[in-house]
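Here is the structure we will look at, set down as structure tokens.
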Amino acid sequence: ATMLGGLAVVITMLRMLVVQPLASGASTKLIADRYLGNGGTVGSSFKYVLRILLPLLGALLLATLAITGGFILLIIPGIFLTIRLSLISQACVVEGRGGVTALKRSMELTKDSFWKFFGIFIVLAGLGIMVEYGLEIVLNPNTLTHTFAYLGFQILLAGYGSCVWVVAYLERRCDLEAFDLEML
């Protein structure tokens, strides 16, 4: 039983530290490429993110430490940092920034738009919570059907969330930098 528990911890850590950032980064790259008319593919998006995976993971680790520190201080600083650092992946993937520069870029892009990004976060989190509770009402939580339905929904929500965050990031760049005018 101890070995299985240890294996579960290793699998969870790999998912959180490698698989999730890799998949999220690749979907961010694909969505941004399509939006910008670059016609990226799933394969090219994964190749690109594999090349920038270490700077992406470094930026995400720094953000996680900052946000955790904010929640330890009091809840409000943690929420504030969660929202202000919500565009780190996009800064890394689309702009090629890493580490502290990605954190600074996210802070710059979310400045003066805290409530907009807070609203996006609340809507996505609320959607996840509603569906999770809905599944528990409709399906017995202790069944394989529930597990697969829940995992399927998590995959769909992650993809949808990536789309929402990329569009919010690009829209914010348009607001601040006339990004669309430069692209034309």
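The values are calculated or read from the model by the stated rules, or taken from the named source; none is laboratory data. It should be emphasised that the depicted structure is a prediction, and the values quoted were computed from it without experimental measurement. Positions of Cβ are backbone-derived with ideal geometry, glycine not excepted, and every protein chain shown enters the neighbour counts. Heavy atoms of the whole protein, side chains included, go into the accessibility calculation; ligands, DNA and RNA do not. Shrake-Rupley method; radii C 1.70, N 1.55, O 1.52, S 1.80 Å.
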Excluding residues fewer than 8 places away in the same chain, name every one of the lysines whose C-alpha is closer than 22 Å to that of LYS47.
LYS29
Answer in debye to the nearest 20: the dipole magnitude of the chain about its Cα centre, from +1 Lys/Arg and -1 Asp/Glu charges placed on Cβ, is 400 debye
Tell me what the chain gives for mean residue ellipticity at 222 nm when only DSSP H runs of n ≥ 4 count, each as -39,500 (n - 2.57), the sum divided by the residue total, rounded to 500 deg cm²/dmol.
-27500 deg cm²/dmol
ILE52 long-range amide H proximity, modeled H, under 5 Å:
none
How long is the gain from GLU95 to PHE71 if the chain were fully straight, where each residue apart is worth 0.36 nm and the alpha carbon distance is subtracted?
5.8 nm
With every protein chain kept in place and ligands, DNA and RNA left out, what is the accessible area per residue of the stretch 16-106? Probe 1.4 Å, answer in Å².
51 Å²
Pairwise FRET efficiency - ASN38 versus ASP112, Cβ, R0 = 25 Å, nearest 0.05
0.30
